[in-house]
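The values are calculated or read from the model by the stated rules, or taken from the named source; none is laboratory data. All of these numbers come straight from a predicted model, not from anything done at the bench. As a convention, Cβ positions derive from the backbone with ideal geometry for all residues, glycine included, and neighbour counts pool all protein chains shown.
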Amino acid sequence: MVLLNEVVNKLDIEFNIRSFGKDPAFSRFVPSVYDPIHFDWKTAFEPEFTDLFNGLMIRGAEEVERIFLAVFPTDHVLERFIDESNTGDLLFMHHPLLMECGDPNGKWGRGFVPIKEEYIKKIKDKKLSVYTCHAPLDYHKQLGTNVSIAKSLNANIVDGFMQNENGDSLVLICNIKGTNTDDLEQDLKEIFEIPYVDFEGQRLNHIHTVAIVAGCGDKVDWIKEAEGKGV
(Lines give C-alpha, C1' and ligand atoms only; values in the text may rest on other atoms or scores of the structure.)
Protein backbone atom coordinates (compact mmCIF):
# COMPACT_ATOMS: atom_id res chain seq x y z
CA MET A 1 0.00 0.00 0.00
CA VAL A 2 1.10 3.56 -0.70
CA LEU A 3 -0.60 6.86 0.03
CA LEU A 4 -2.61 8.34 -2.84
CA ASN A 5 -1.11 11.77 -2.22
CA GLU A 6 2.37 10.29 -2.60
CA VAL A 7 1.47 8.66 -5.92
CA VAL A 8 -0.15 11.85 -7.22
CA ASN A 9 2.78 14.00 -6.15
CA LYS A 10 5.28 11.71 -7.90
CA LEU A 11 3.23 11.72 -11.09
CA ASP A 12 2.75 15.49 -11.00
CA ILE A 13 6.51 15.98 -10.64
CA GLU A 14 7.50 13.33 -13.20
CA PHE A 15 5.25 14.85 -15.87
CA ASN A 16 5.65 18.42 -14.63
CA ILE A 17 1.96 18.95 -15.31
CA ARG A 18 1.66 22.43 -13.85
CA SER A 19 4.29 23.83 -16.21
CA PHE A 20 1.98 23.06 -19.14
CA GLY A 21 -0.92 25.11 -17.84
CA LYS A 22 -4.32 24.23 -19.28
CA ASP A 23 -4.23 21.25 -21.62
CA PRO A 24 -4.87 22.80 -25.06
CA ALA A 25 -7.05 19.91 -26.20
CA PHE A 26 -9.05 18.78 -23.19
CA SER A 27 -9.64 22.25 -21.80
CA ARG A 28 -11.93 22.47 -24.86
CA PHE A 29 -13.16 18.91 -25.22
CA VAL A 30 -14.16 18.19 -21.61
CA PRO A 31 -16.60 21.14 -21.39
CA SER A 32 -17.82 20.53 -24.94
CA VAL A 33 -19.00 16.98 -24.19
CA TYR A 34 -20.31 17.41 -20.63
CA ASP A 35 -22.01 20.81 -20.82
CA PRO A 36 -24.57 19.79 -23.48
CA ILE A 37 -25.75 16.87 -21.32
CA HIS A 38 -25.88 19.12 -18.22
CA PHE A 39 -23.42 17.01 -16.24
CA ASP A 40 -21.75 18.99 -13.44
CA TRP A 41 -18.18 17.96 -14.29
CA LYS A 42 -16.67 20.79 -12.25
CA THR A 43 -18.11 19.22 -9.10
CA ALA A 44 -17.55 15.60 -10.13
CA PHE A 45 -13.85 16.07 -10.88
CA GLU A 46 -11.02 17.36 -8.70
CA PRO A 47 -10.61 21.18 -8.58
CA GLU A 48 -7.10 21.23 -10.04
CA PHE A 49 -8.15 18.90 -12.85
CA THR A 50 -10.97 21.27 -13.83
CA ASP A 51 -8.32 23.98 -14.18
CA LEU A 52 -5.43 22.07 -15.84
CA PHE A 53 -7.34 19.12 -17.38
CA ASN A 54 -4.39 16.91 -16.39
CA GLY A 55 -3.62 15.21 -13.09
CA LEU A 56 -5.87 13.63 -10.47
CA MET A 57 -9.35 13.59 -11.99
CA ILE A 58 -11.27 11.57 -9.38
CA ARG A 59 -10.06 11.15 -5.79
CA GLY A 60 -10.73 7.87 -4.02
CA ALA A 61 -9.49 6.35 -0.76
CA GLU A 62 -6.21 7.55 0.70
CA GLU A 63 -4.28 4.29 0.19
CA VAL A 64 -3.50 2.70 -3.19
CA GLU A 65 -2.78 -0.99 -3.62
CA ARG A 66 -2.68 -1.31 -7.42
CA ILE A 67 -2.44 1.00 -10.41
CA PHE A 68 -4.24 0.15 -13.65
CA LEU A 69 -3.08 1.57 -17.00
CA ALA A 70 -5.11 2.47 -20.08
CA VAL A 71 -5.15 4.89 -23.01
CA PHE A 72 -8.89 5.65 -23.26
CA PRO A 73 -11.78 5.22 -20.79
CA THR A 74 -13.73 2.77 -22.93
CA ASP A 75 -16.67 0.95 -21.39
CA HIS A 76 -14.58 -2.22 -21.39
CA VAL A 77 -11.69 -0.53 -19.57
CA LEU A 78 -13.91 1.08 -16.94
CA GLU A 79 -15.94 -2.07 -16.32
CA ARG A 80 -12.80 -4.13 -15.75
CA PHE A 81 -11.29 -1.44 -13.54
CA ILE A 82 -14.42 -1.27 -11.41
CA ASP A 83 -14.84 -5.06 -11.24
CA GLU A 84 -11.21 -6.07 -10.67
CA SER A 85 -10.00 -3.25 -8.43
CA ASN A 86 -9.91 -2.95 -4.68
CA THR A 87 -10.97 0.14 -2.81
CA GLY A 88 -8.36 2.87 -3.30
CA ASP A 89 -6.88 1.53 -6.55
CA LEU A 90 -5.99 4.05 -9.25
CA LEU A 91 -6.53 4.11 -13.01
CA PHE A 92 -3.86 6.04 -14.97
CA MET A 93 -4.91 7.05 -18.49
CA HIS A 94 -3.62 9.18 -21.34
CA HIS A 95 -7.08 10.63 -22.09
CA PRO A 96 -9.93 11.70 -19.77
CA LEU A 97 -12.55 11.13 -22.48
CA LEU A 98 -13.38 8.28 -24.82
CA MET A 99 -12.61 9.03 -28.47
CA GLU A 100 -14.60 7.12 -31.05
CA CYS A 101 -12.23 7.48 -33.98
CA GLY A 102 -14.26 5.33 -36.29
CA ASP A 103 -12.87 3.13 -39.03
CA PRO A 104 -11.36 4.72 -42.17
CA ASN A 105 -12.62 1.67 -44.05
CA GLY A 106 -15.98 1.54 -42.32
CA LYS A 107 -18.25 3.41 -39.94
CA TRP A 108 -17.40 6.96 -38.87
CA GLY A 109 -16.91 7.64 -35.17
CA ARG A 110 -18.48 10.34 -33.01
CA GLY A 111 -15.21 11.90 -31.88
CA PHE A 112 -14.84 12.62 -28.15
CA VAL A 113 -17.69 11.39 -25.98
CA PRO A 114 -18.15 11.65 -22.19
CA ILE A 115 -17.59 8.91 -19.66
CA LYS A 116 -21.00 7.51 -18.78
CA GLU A 117 -22.32 8.94 -15.54
CA GLU A 118 -23.01 5.45 -14.21
CA TYR A 119 -19.29 4.62 -14.37
CA ILE A 120 -18.30 7.85 -12.64
CA LYS A 121 -20.75 7.03 -9.85
CA LYS A 122 -19.46 3.46 -9.47
CA ILE A 123 -15.86 4.69 -9.35
CA LYS A 124 -16.73 7.18 -6.63
CA ASP A 125 -18.86 4.69 -4.69
CA LYS A 126 -15.98 2.22 -4.62
CA LYS A 127 -13.56 5.02 -3.63
CA LEU A 128 -11.33 4.51 -6.66
CA SER A 129 -9.07 7.16 -8.16
CA VAL A 130 -8.49 8.28 -11.74
CA TYR A 131 -5.41 10.20 -12.96
CA THR A 132 -5.00 11.35 -16.56
CA CYS A 133 -2.04 12.90 -18.36
CA HIS A 134 -2.32 14.14 -21.94
CA ALA A 135 0.09 16.76 -23.32
CA PRO A 136 2.67 16.28 -20.53
CA LEU A 137 2.89 12.58 -21.44
CA ASP A 138 3.17 13.30 -25.16
CA TYR A 139 6.15 15.57 -24.51
CA HIS A 140 7.97 13.40 -21.94
CA LYS A 141 11.54 12.60 -23.06
CA GLN A 142 11.68 9.07 -21.64
CA LEU A 143 8.07 7.92 -21.21
CA GLY A 144 6.32 9.92 -23.92
CA THR A 145 4.07 8.50 -26.61
CA ASN A 146 6.22 9.81 -29.45
CA VAL A 147 9.47 8.67 -27.85
CA SER A 148 7.95 5.22 -27.34
CA ILE A 149 7.05 4.99 -31.02
CA ALA A 150 10.60 6.01 -31.94
CA LYS A 151 12.03 3.34 -29.64
CA SER A 152 9.76 0.71 -31.17
CA LEU A 153 11.13 1.60 -34.62
CA ASN A 154 14.73 1.65 -33.37
CA ALA A 155 14.80 5.23 -34.63
CA ASN A 156 17.47 7.83 -33.88
CA ILE A 157 15.95 11.20 -32.94
CA VAL A 158 17.85 13.94 -34.80
CA ASP A 159 15.51 16.94 -34.63
CA GLY A 160 12.01 18.06 -33.73
CA PHE A 161 9.55 20.91 -33.58
CA MET A 162 6.42 22.14 -31.77
CA GLN A 163 8.51 22.79 -28.66
CA ASN A 164 7.10 23.55 -25.24
CA GLU A 165 8.55 26.05 -22.76
CA ASN A 166 11.09 23.46 -21.63
CA GLY A 167 12.43 23.02 -25.16
CA ASP A 168 10.95 19.54 -25.59
CA SER A 169 9.58 18.72 -29.05
CA LEU A 170 6.16 17.23 -29.72
CA VAL A 171 6.95 16.18 -33.30
CA LEU A 172 10.13 14.11 -33.58
CA ILE A 173 12.33 13.90 -36.69
CA CYS A 174 14.09 10.54 -36.74
CA ASN A 175 16.50 8.54 -38.86
CA ILE A 176 15.55 4.90 -39.37
CA LYS A 177 17.09 1.92 -41.10
CA GLY A 178 16.50 2.18 -44.86
CA THR A 179 13.09 0.85 -45.88
CA ASN A 180 10.19 1.48 -48.25
CA THR A 181 6.53 2.33 -47.76
CA ASP A 182 5.26 -1.24 -48.02
CA ASP A 183 7.78 -2.64 -45.55
CA LEU A 184 7.29 0.26 -43.13
CA GLU A 185 3.55 -0.29 -43.18
CA GLN A 186 4.03 -3.98 -42.44
CA ASP A 187 6.41 -3.19 -39.57
CA LEU A 188 3.89 -0.75 -38.08
CA LYS A 189 1.07 -3.28 -38.28
CA GLU A 190 3.15 -5.92 -36.51
CA ILE A 191 4.61 -3.62 -33.84
CA PHE A 192 1.32 -1.98 -32.89
CA GLU A 193 -0.97 -4.93 -33.66
CA ILE A 194 -3.23 -2.98 -36.00
CA PRO A 195 -5.16 -4.43 -38.97
CA TYR A 196 -4.05 -1.80 -41.48
CA VAL A 197 -2.40 1.61 -41.83
CA ASP A 198 -4.42 4.64 -42.92
CA PHE A 199 -2.05 5.85 -45.65
CA GLU A 200 -2.03 9.09 -47.66
CA GLY A 201 0.56 10.38 -50.13
CA GLN A 202 3.19 8.88 -52.42
CA ARG A 203 4.64 5.43 -51.92
CA LEU A 204 8.40 5.59 -51.73
CA ASN A 205 11.09 3.03 -52.47
CA HIS A 206 13.67 4.62 -50.18
CA ILE A 207 12.80 5.95 -46.71
CA HIS A 208 15.48 6.94 -44.22
CA THR A 209 13.84 9.78 -42.27
CA VAL A 210 10.41 9.95 -40.64
CA ALA A 211 8.43 12.41 -38.54
CA ILE A 212 6.64 10.95 -35.52
CA VAL A 213 3.66 12.47 -33.71
CA ALA A 214 1.24 10.29 -31.78
CA GLY A 215 -2.45 10.61 -32.47
CA CYS A 216 -2.44 13.47 -34.95
CA GLY A 217 -0.55 13.31 -38.24
CA ASP A 218 -2.90 15.20 -40.54
CA LYS A 219 -1.99 18.83 -39.80
CA VAL A 220 -0.82 20.41 -43.05
CA ASP A 221 1.45 22.95 -41.35
CA TRP A 222 3.21 20.17 -39.47
CA ILE A 223 3.61 18.14 -42.66
CA LYS A 224 5.16 21.11 -44.42
CA GLU A 225 7.56 21.76 -41.55
CA ALA A 226 8.57 18.08 -41.47
CA GLU A 227 9.25 18.23 -45.24
CA GLY A 228 11.43 21.25 -44.64
CA LYS A 229 13.46 19.18 -42.18
CA GLY A 230 14.14 16.46 -44.73
CA VAL A 231 11.23 14.07 -44.20
Restricting to the range 1-25, name every residue that is within 18 Å of residue 91 (Cα to Cα) and either among the aromatic types (Phe, Trp, Tyr) or touching a helix residue (DSSP H, G or I) at 6+ places or on another chain (Cβ under 6 Å) (or both). 15, 17
Every residue in the range 96-122 that is over 22 Å from residue 197 (Cα atoms) and either part of a strand (DSSP E or B) or charged (D, E, K, R) (or both), please. 113, 116, 117, 118, 121, 122
Can you work out which of the residues in the range 39-77 that are among the polar types (S, T, N, Q) and without any contact (Cβ under 8 Å) to a residue 60 or more places away in the chain is surrounded by the fewest Cβ atoms within 10 Å (Cβ to Cβ)? 43
From the residues in the range 157-175 that are outside any strand (DSSP E or B) and in contact with a helix residue (DSSP H, G or I) (Cβ under 6 Å, 6 or more places away or on another chain), which one is nearest to residue 209 (Cα to Cα)? 168
Spans of helices (runs of 4 or more DSSP H) in the range 2-86 with at least 3 residues more than 15 Å from residue 124 (Cα to Cα): 4-15, 26-34, 49-52, 75-84
When restricted to 167, 160, 106, the only residue outside the structural domain of residue 179 (by TED's automatic domain parsing) and farther than 19 Å from residue 70 by Cβ is 106
Just a yes or no: is a residue in the range 120-140 more than 30 Å from residue 84 (Cα to Cα) and exposed (fewer than 13 other Cβ atoms within 10 Å of the Cβ)? no
